Amino acid sequence: MPSNTKIFKLKGEVQHYDWGGYNFIPSLLNRKNNEHKPYAEYWMGAHSSASSEIEVAGHYENLNQLIKKEPRLYLGEITFQKFGELPFLFKLLDVKEMLSIQVHPTKGAAAKGFELEESAGIAISNPKRNYKDKNHKPEVMVALSDFWLLHGFKVAEELKKVLRLIPEFSLFLQLFNEQGYYGLYKEVMEMPQDKVDAVLEPLVKESISQISPSREEPAYWVKRWYQNKEVKEIDRGVFSIYFLNIVKLLPGEGIFQAANIPHAYLEGQNVELMANSDNVLRGGLTKKHIDVKELLKHTLFESVLPKVMQGDTTDRMEWNYPCPVDDFALSAFQLKCGQQYVSTSWAAEIYIIISGRIAVGTNDVFFKGESFYILPGTEYAVVAQTDCLLYKAHVPR
């Protein structure tokens, strides 16, 4: 690497999960999707399963491998000593179909679960593997479109209202009054499939029959899940649609998902930043592995009032989305043509351009959909050559 090179063009990895959309990410990346593949996620980082590449001396090299060879250069001394790796994974998501009900473990629980599965000889590639690494997976997202998600259990009075007003759920009201969130969720997650069907089938069919339910109502998402599906062996994740908060985010609004909070993305496009992990414990609305015992061990059985972030700003140019973790921080920049943002990176940083065109330094110009990696200790200026929107992932100081 030339000694004076400190800013590198970055090429991420696309994940073609079947819940992804077909147009948003290809359009942003200026790619054609002639094969009509779902473009669900675009990863920017050094995760071992899908590392990005950076352009070094005219050719692309694997970022994960470069960090392993020269960690202090690419991470900075403090980040290297604390994490030993790039501690975050930066993503773009296009959620066309609903994602699974899920929780993420704490760091201690992930390390313990990983070691247990390793000692049991369960391969990382085994679809029944819960823990792919030893890390926790807190995450923050900022909406790029209207975005819908499930986030945490409803407050007790709202949940009791659901249990009272929906005839199929009335049998759970006394249980909830006596045993709370844990007793209720354990009951529906461990319920035999024939009883799940008996409770939910009438509700599913009633939801499907509604002409145009509001996205703010569970019936909309139940109908959405069962479009083009046969109503049999009802997915017990339907309970979660009724028990969790339905949240709408407007473009520029964000939300933080801490460990153990049950959640699910439902629809929309976003920027997402998380700890460098792929640990997911699922609870329904998926064909993937569900481990109810493990899920119940790591779910937060408390009410959650969703805290929607607008972004903190002092100069109307940079918006910060504060997160209570050491692994990552997220900022958004809305620059008018001619404006500039001047900074010095104390640790590694990754930018993604959502719209517009910018210049960085004297020679580097980046366009919509392009991203770049900045080495620690780099003084730089981002100059807007058009009105633009960009996001920065970095390590908080």
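Taken together, the values in this text are just the output of simple stated rules run on the coordinates, not laboratory data. Since the structure is predicted, the reported quantities are computational estimates derived from the model, not experimental observations. All Cβ positions, glycine included, derive from the backbone under ideal geometry; neighbour counts span all protein chains shown.
Of the residues in the stretch 86-108, how many are surrounded by fewer than 19 Cβ atoms within 10 Å (Cβ to Cβ) and either over 30 Å from residue 21 (Cα atoms) or small (Gly, Ala, Ser) (or both)?
So the count comes out to 3.
Select from the stretch 50-61 the residues that are surrounded by 14 or more Cβ atoms within 10 Å (Cβ to Cβ) and not charged (D, E, K, R) and write down the one among them that is farthest from residue 134 (Cα to Cα).
Ranking the candidates gives 56 first.
Answer with yes or no whether residue 33 is surrounded by fewer than 21 Cβ atoms within 10 Å (Cβ to Cβ), within 25 Å of residue 131 (Cβ to Cβ) and without any contact (Cβ under 8 Å) to a residue 12 or more places away in the chain.
No; evaluated as a whole, the condition is false for this residue.
When you scan the stretch 197-241, how many residues do you find that are part of a helix (DSSP H, G or I) and either under 19 Å from residue 19 (Cβ atoms) or not charged (D, E, K, R) (or both)?
Adding up the residues that qualify gives 22.
Need a quick list: strands (runs of 3 or more DSSP E) entirely within the stretch 54-109 having at least 3 residues that are within 30 Å of residue 243 (Cβ to Cβ) and within 14 Å of the chain's Cα centre (by Cα).
The strands (runs of 3 or more DSSP E) meeting that bar are 88-95, 101-103.
Would you confirm whether or not the stretch 348-361 contains a residue that is touching a residue at least 12 places away in the same chain (Cβ under 8 Å), surrounded by fewer than 19 Cβ atoms within 10 Å (Cβ to Cβ), under 27 Å from residue 137 (Cβ atoms) and over 19 Å from the mean Cα position of the chain (by Cα)?
There is no residue in the stretch 348-361 that is touching a residue at least 12 places away in the same chain (Cβ under 8 Å), surrounded by fewer than 19 Cβ atoms within 10 Å (Cβ to Cβ), under 27 Å from residue 137 (Cβ atoms) and over 19 Å from the mean Cα position of the chain (by Cα).
When residues of the stretch 245-274 are filtered for being surrounded by fewer than 24 Cβ atoms within 10 Å (Cβ to Cβ) and touching a helix residue (DSSP H, G or I) at 6+ places or on another chain (Cβ under 9 Å), how many remain?
Going through the stretch 245-274 one residue at a time, the tally reaches 7.
Kindly establish whether residue 308 is surrounded by fewer than 21 Cβ atoms within 10 Å (Cβ to Cβ), closer than 17 Å to residue 271 by Cα and under 18 Å from the mean Cα position of the chain (by Cα).
So residue 308 fits the description; yes.
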